[in-house]
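Colleague: Sending over a structure as structure tokens; questions will come in a sec.
Read the figures in this text as sums done on the coordinates, not as results from a lab. Everything quoted here is computed from the prediction, not taken from an experiment. Reconstructed Cβ throughout: ideal geometry from the backbone, glycine too, with neighbour counts over all protein chains shown.
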Amino acid sequence: MAASARRTAAPGRQPGERAEARYVRRRPAPPLRPLVAWYSGYRDAGIPPGTHRGLPSPYLTMIVTLDDPLVVAAHPDPRTPPRSYDTLLGGLHTAPAIVTHDGRQSGVQLALTPLGARALLGLPAGELSGLDLDGADVLGALAGELRERLLEASGWDGRFTALDAVLSRHTRPTRERPSEVSRAWRRMLAAGGRVTVSGLAREAGWSTRHLNGRFREEIGLSPKEAARVVRFDRVRRLLQSAAASGPRLALADAAAECGFYDQAHLAREFRSLAGCSPSRWLAEERVPFRNVQALTGDRRPDSAA
């Protein structure tokens, strides 16, 4: 559930409350990097109430809140009713989630790699496909421990260090996943989604049917769906980066660079995966992504939820 846009409404600042909008990013400790791509810390206070779009991405989402619960008004699976969470786990999905806030929100989002799901969560990513679940339903007592340690920690460096310590302790050995699936997933990421299912199956020495089944089990989407999500994730990051740093990138140029047939194809995919047009998404995104900061580690061109 890659985090996304804010739409503002009536002012949400409480009397005497100082406005704050803080976003920080850090990579985890090296041993955890095959499991977790990055940590994103966020704290908003005294800002207008609004919404976020949680966009499809190549990473599973774990969110551990700090001061206020996470309120999900609409899930990727429309059968899931709205609810609030202290900790949330979400699998890969092909529709946006809608998160609301009343002018205050804070927590840490972890981008979990599908190939690391067994070691970190104790189950394959396919079992979380399209779902948002309470963290305790998957992690048990670990969900509460993570939140307790984050609340006790001082500052973002302290919170990220606490995550490193707790997750390193709870990472478990797992049975080997098929190497063919791992290679196919990494090939898809490296190619930005510009792959064919038949080509991946041929490289694996499998039938397309067998690849589809094993890939969905370990990743949570079929190869075709996953390629769409990877391609979409690449183009929206490209558009976001261009909008934050200078003149807006032409949609036709972005479409060509990221493997879409044309601008119309890009627009259709945006409406399907984000629930809005690229131009509307960029307008909604304008403010939050210019406030992202990095601590130690690599900077990533994405905002926190």
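Colleague: Provide, in order from the shortest bin, the percent of all Cα-Cα pairs of region 8-125 in each 5 Å bin, continuing until the bin that contains the maximum pair distance.
Modeller: 2, 11, 18, 22, 20, 14, 7, 4, 2, 0
Colleague: Pick out which of 101, 52, 210 has the largest mean-square fluctuation in a Gaussian network model of the chain, springs linking Cα atoms closer than 10 Å.
Modeller: The residue with the greatest mean-square fluctuation here is 210.
Colleague: Further question on the same structure: Rank the residues 276, 258 as a footprinting-exposure proxy: fewest other Cβ atoms within 10 Å of their Cβ go first. All intermediate terms of the calculation are to be shown ahead of the outcome.
Modeller: Numbers: 276 17, 258 22.
Placing the least packed residue first, the sequence is 276, 258.
Colleague: How large is the helix-only mean residue ellipticity at 222 nm for the chain, computed as the sum of -39500 (n - 2.57) over DSSP H runs with n ≥ 4, divided by its residue count, in deg cm²/dmol to the nearest 500? Write out the running numbers ahead of the final one.
Modeller: Numbers: 11 runs with 120 residues, N = 305.
For the chain, the value works out to -12000 deg cm²/dmol.
Colleague: Using just the Cα positions, wrap region 226-285 in a convex hull and report its mean projected area in square nanometres, one decimal place.
Modeller: Its average projected convex-hull area is 3.6 nm².
Colleague: Next question. Can you compute the equivalent ellipsoid semi-axes for region 107-164, i.e. the square root of 5 times each eigenvalue of the Cα gyration tensor, sorted largest first and rounded to whole Å?
Modeller: The answer is 23, 12, 10 Å, longest axis first.
Colleague: A follow-up question, please. Report Rg (one decimal) and Dmax (nearest whole number) for region 179-224, counting Cα atoms only, units Å.
Modeller: Values for region 179-224 (Cα only, Rg and Dmax): 9.0, 23 Å.
Colleague: What is the spread of the Cα atoms of the chain along each of their three principal axes, largest first, in whole Å?
Modeller: 64, 46, 39
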